[in-house]
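Okay, so here's the structure we're looking at.
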Amino acid sequence: MKRNGDPLGTPTRVDYAVMIGGPIVFMLILWFGVNWIVGPGPPPRPIQKLKAGVVKNGMTSEQVIAQVGPPAGIVESPDGSFTYRYQGTGEDAFLAEDAFVDFGAGGRVVNVTFEKTPVKPPGDDKK
């Protein structure tokens, strides 16, 4: 309905629905579109899981594999104890990071340790 000084008239319910619903629909389309194109984020790496503390002392090797995944290597000792080794990279591209999950002779976790090793950048070995 137009008034003398108002060339557009008063907003109707449809106008309000477009003014409020339009941006909401746009944001939903943007959110789902970006997620569809980019996809979900990568799953956490084993070392990140170990640093987060998912492995507790007393867990069995089966529980550790279920929580963290299979190890990159297993080192067995003559006394019956063994160690799972998980490899990865740290925050820096030239820093290798290893995590070791130590199991006692009874097959339960006794310790979790981390080790960082610098990696030579490509072309650095020519010196």
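Placing a label point 7 Å from the Cα of residue 76 along the Cα-to-Cβ direction, the residues of the range 99-117 whose backbone N falls under 19 Å of that point are 101-110. Take the Cα of residue 36, step 7 Å toward its Cβ, do the same at residue 94, and the gap between the two points is 4.3 nm. Here r is the Cβ-Cβ distance between residue 29 and residue 8 and R0 is 22 Å; the resulting FRET efficiency, rounded to 0.05, is 0.20. Among the listed pairs 49/116; 51/120; 51/116, a Cα-Cα separation exceeding 23 Å is found for 51/120.
What's the ranking of 50-63, 69-82 by average number of surrounding C-beta atoms within 10 Å, highest first?
Numbers: 50-63: 14.1, 69-82: 12.1.
Final packing ranking: 50-63, 69-82.
Computed about the Cα centre, the dipole magnitude for the range 46-122 is approximately 160 debye when only Lys and Arg (+1) and Asp and Glu (-1) carry charge, each at its Cβ.
Against the main long axis of the alpha-carbon atoms of the chain, helix 13-38 sits at an angle near 20°.
What order, most packed first, do the peptides 96-105, 109-118 have when packing is the mean number of other Cβ atoms within 10 Å of each residue? List each step's numbers first, then the result.
Details: 96-105: 17.9, 109-118: 13.0.
Result, highest mean first: 96-105, 109-118.
None of the figures in this text is laboratory data; all of them are computed from the coordinates on show. In this text the structure is predicted, and so the values were computed from the model without any measurement. Here the Cβ is made from the backbone with ideal geometry for all residues, glycine too, and neighbour counts use every protein chain on show.
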